[in-house]
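Here is the structure we will look at.
The values are calculated or read from the model by the stated rules, or taken from the named source; none is laboratory data. All values derive from a computational prediction rather than experimental measurement. Positions of Cβ are generated from backbone atoms using ideal geometry, with glycine treated the same way; all protein chains shown enter the neighbour counts. Surface accessibility is based on the protein's heavy atoms, side chains included, excluding ligands, DNA and RNA. Shrake-Rupley method; radii C 1.70, N 1.55, O 1.52, S 1.80 Å.
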Amino acid sequence: MAFDYKKEYKELYMPKNRPSIVTVPGMNYIAVRGHGDPNQEKLKT
């Protein structure tokens, strides 16, 4: 089951009437690097 951040951390995602400083808890994430257009056919060399 996927983790729903907006549901679990409502205080971080729901808009407030006034600006305020929030403390965001540490979270794990993954990043993927790449380049080029994924929808373009690969060039043969």
> Which GluC sites (Glu not before Pro) does the chain hold that lie in a coil by DSSP with at most 13 other beta carbons within 10 Å?
Replying inline: E41
> Residues of the range 3-45: accessible area per residue at 1.4 Å, in Å²?
Replying inline: 122
> Toward the positive end of the charge dipole of the chain, about the Cα centre and with charges on Cβ (Lys, Arg +1; Asp, Glu -1), which of S20, P38, Y5 goes farthest?
Replying inline: S20
>> Largest first and in whole Å, what are the equivalent-ellipsoid semi-axes of the chain based on the Cα gyration tensor, each being the root of 5 times an eigenvalue?
In response: 37, 14, 12
>> As an exercise, identify the chymotrypsin sites (Phe, Trp or Tyr not before Pro) in the chain lying in DSSP coil whose Cβ has no more than 11 other Cβ atoms within 10 Å.
In response: F3, Y29
> What trypsin sites (Lys or Arg not before Pro) in the chain are in a loop by DSSP, with at most 15 other Cβ atoms within 10 Å of the Cβ?
Replying inline: K16, R33, K42, K44
